[in-house]
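Here's the structure, in structure tokens; my notes come after.
The values are calculated or read from the model by the stated rules, or taken from the named source; none is laboratory data. Fair warning: this is a prediction, and the values are worked out from it, not measured in the lab. Cβ placement follows ideal geometry from the backbone for every residue including glycine, while neighbour counts extend to all protein chains displayed. Remember, those area values only see protein heavy atoms, side chains included, never the ligands or the DNA or RNA. Shrake-Rupley method; radii C 1.70, N 1.55, O 1.52, S 1.80 Å.
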Amino acid sequence: MAEEDIARDSMEYDVVIVGAGPAGLSAAIRLKQVAAETGREITVAVLEKGAEVGAHILSGAVIDPISLNELIPDWKEKGAPLDTPVTSDEFKILGPAGAASLPTFLMPPLMNNHGNYIGSLSNFTKWLGTQAEELGVEIYPGMAASDAVFDESGALKGVVAGVFGVAKDGERKSDYQPGMELHGKYVLIAEGARGSLAKVLQNKYDLCADSDPQKYGIGIKELWEVSKDKHKPGLVLHTVGWPLTDDNGGGSFLYHWGDRYVSVGFVVHLNYKNPYLSPFDEFQRHKLHPEISAHIEGGKRVAYGARAITEGGLQSVPKLAFPGGALIGCSAGFVNVPRIKGSHNAMKTGMMAAEEVAHALAAGRQRDVLESYETAYRESRVFQDLNRVRNAKPMLSKFGTFWGGVVGMMDMWTTTLLGGFSFFGTLKHGKSDAEATEKASEHKPIAYPKPDGVLTFDKLSSVYLSNTNHEEDQPSHLKLKDPTIPIRVNLPEYAEPARLYCPAGVYEVLYDEAGQNPRFQINAQNCVHCKTCDIKDPSQNIVWTTPEGGGGPNYANL
């Protein structure tokens with residue numbers, strides 16, 4: 001039976017929000033606040049594909065509280081889990097054996113982390129969810145929004161959520177549930193980076209026509225428990241350099257916080273050229289550097305996760321509003337790359353969209369284009385935040401990590417002192433990350449050290465720590481447009497990079513006993529929902545779709 005022929009019940013709301021992350025929950029909270037301030041009722045539903053709020057949320061995280069201060073001024077009294085203020089802020093350039101510290105006075109003020117808090121964005125999001133529910137927001141965890149619903153005029157009307165019980169072969173099982181349609185006068189898309197519905201809507205409404213291709217990084221993170229004598233609460237350490245070469249952009253973060261926790265992570269910009277590069281293995285090798293290992297030796301790794309990060313910044317922000325809804329948070333991409341921060345901007349865009357939706361509802365409008373949200377964004381501190389650093393990412397791509405970082409730092413000083421003006425204007429990103437991948441014949445394979453099980457580990461033991469689980473008897477949510485391309489095209493031309501860029505061991509190339517007849521295997525149950533495959537596949541043949549709700553990782557303290 002065709003999808004459009006399935007009979008479903010529907011529920012009507014003023015606003016439907018897809019994604020219970022910082023952006024979606026901030027929007028929901030602000031909607032309820034405005035409703036209380038104006039004496040009106042605004043019904044709000046939030047859909048979350050994770051098993052619980054925060055289950056799929058992963059970040060460093062050093063959190064700038066500027067948006068939280070606006071949204072919930074008494075957040076400390078209400079118990080927000082942000083209780084480790086930054087006390088020491090370090091930046092180092094790593095070589096194979098040593099390191100050089102970069103004095104903080106050389107960096108523009110926007111890079112300063114004092115006044116920020118170290119914590120778990122997953123835990124913080126859980127707390128935000130409780131704040132939203134106390135205001136009357138209806139949150140539905142374990143409900144994946146799998147399809148968009150449009151009205152007769154072509155405006156976004158709502159989404160389909162909660163489809164369960166479809167077997168691997170596409171047949172309906174005995175516990176089949178067709179899901180429901182949740183309709184809203186406005187629908188806010190807050191899926192995070194490379195959201196599946198956001199992709200559909202960007203294509204349908206041509207939202208990216210006037211923007212550069214979105215750029216991404218892959219962020220891989222581990223949480224360690226260390227001894228009390230090694231723990232330095234409030235320490236923030238960022239690095240660039242080894243083990244990445246100068247033409248492979250990325251860097252690391254290491255934060256001491258909470259009850260003897262150390263968050264250590266690694267970001268690789270996905271516009272790297274060498275198809276033999278493995279971000280996961282670069283991260284494992286990175287931990288062997290003395291500047292990093294000194295913080296975690298003797299400790300215990302307790303959690304693992306990975307997630308794509310939007311890095312395109314100002315140039316890659318699409319048109320935000322469309323008939324019936326808007327993109328908020330990382331669905332549009334508001335990460336400040338040099339600061340390695342985006343949650344404060346995600347929250348603010350959710351709040352701005354909420355205020356414009358509330359005004360529209362008060363005027364009796366529905367399912368039109370919220371042009372006022374576009375205006376609010378361009379007049380906001382989010383726009384200013386991205387405008388100051390707009391050339392940092394293009395310069396890293398063009399000049400490499402060292403000289404790109406030097407010139408980028410000078411440009412950020414200029415934009416900071418001269419109100420956004422840059423002598424370079426606004427640089428373009430050019431190719432997509434998939435198009436940046438070069439042929440395997442132009443590069444040499446990289447020999448990575450075997451994991452020692454003490455500081456370095458393999459992918460499968462790492463996925464175990466992410467608490468990832470999927471219903472096995474369901475269609476793979478990782479779709480191939482052409483099933484022959486991995487072996488026919490990607491293997492001979494690019495050495496099939498999916499087996500390397502995936503941080504969860506989802507993709508394998510297997511051979512028979514004679515080492516012949518390669519076949520492409522997808523272990524969808526391992527997927528941590530990072531979306532890297534959808535972004536980096538050089539043939540753009542892999543499409544990430546939502547599995548049954550409740551599947552995927554279940555992050556805690558990440």
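Counting protein heavy atoms only, the range 231-339 has 51 percent of its accessible area on carbon and sulfur, 1.4 angstrom probe.
Of the cross-linked pairs 287/439; 49/92; 76/341, those separated by over 32 Å at the C-alpha level are 49/92. Charge tally for residue 11 (other residues, Cβ to Cβ under 14 Å; Lys, Arg +1; Asp, Glu -1): -2. At the residue level, residue 111 shows approximately 40 square angstrom of accessible surface with a 1.4 angstrom probe and all protein chains present. If R0 is taken as 35 Å, the Cβ-Cβ distance between residue 521 and residue 70 corresponds to a FRET efficiency of 0.15. Note on the chain: Cα-only Rg and Dmax are 22.7, 74 Å. For the residues 424, 266, 383, a 1.4 Å probe over the protein chains yields an accessible-area ranking, largest first, of 424, 383, 266. Taking all protein chains together and rolling a 1.4 Å probe, residue 489 ends up with roughly 30 Å² accessible. Highest mean first, the peptides 221-227, 519-525 sorted by other C-beta atoms within 10 Å per residue fall in the order 221-227, 519-525.
Using the rule -39500 (n - 2.57) for each DSSP H run of four or more residues, divided by the residues of the chain, the 222 nm mean residue ellipticity is -7500 deg cm²/dmol. Surface listing: 70, 291, 152, 48 arranged by accessible area from highest to lowest gives 152, 70, 291, 48, probe 1.4 Å. Neighbours of residue 289, meaning other residues whose beta-carbon lies under 15 angstrom from its beta-carbon, give a summed charge of -4 when Lys and Arg score +1 and Asp and Glu score -1. With 0.36 nm allotted per residue and the present C-alpha distance subtracted, the residue 438-residue 171 stretch has 92.1 nm of extension available.
Once all protein chains are placed together, residue 34 keeps about 20 Å² accessible to a 1.4 angstrom probe. Kirkwood analysis of the range 1-148, using all unique Cα-Cα pairs, places the hydrodynamic radius at 18.0 Å.
If you take the Cα centroid of the range 120-166 and the Cα centroid of the range 396-474, the two points sit 30 Å apart.
Computed extension length for residue 488-residue 368: 38.6 nm, one decimal, from 0.36 nm per residue of separation with the Cα-Cα distance subtracted.
Kindly sort 507, 117 by accessible area of their heavy atoms, largest first, with the probe set to 1.4 Å.
117, 507
Accessible area per residue for the chain, computed on protein heavy atoms with a 1.4 Å probe, is 40 Å².
On the principal axes of its alpha-carbon atoms, the range 270-379 has extents of 61, 32, 22 Å, going from largest to smallest. For the range 348-461, with all protein chains in place and a probe radius of 1.4 Å, 59% of the accessible heavy-atom surface sits on carbon or sulfur.
Ignoring ligands, DNA and RNA, what percent of the 1.4 Å accessible area of the range 9-70 is carbon and sulfur? After summing per-atom areas, the C and S share lands at 48 percent.
Among DSSP bridges having both ends in the chain, what percentage is antiparallel? Round to the nearest 5. The answer is about 70 percent antiparallel.
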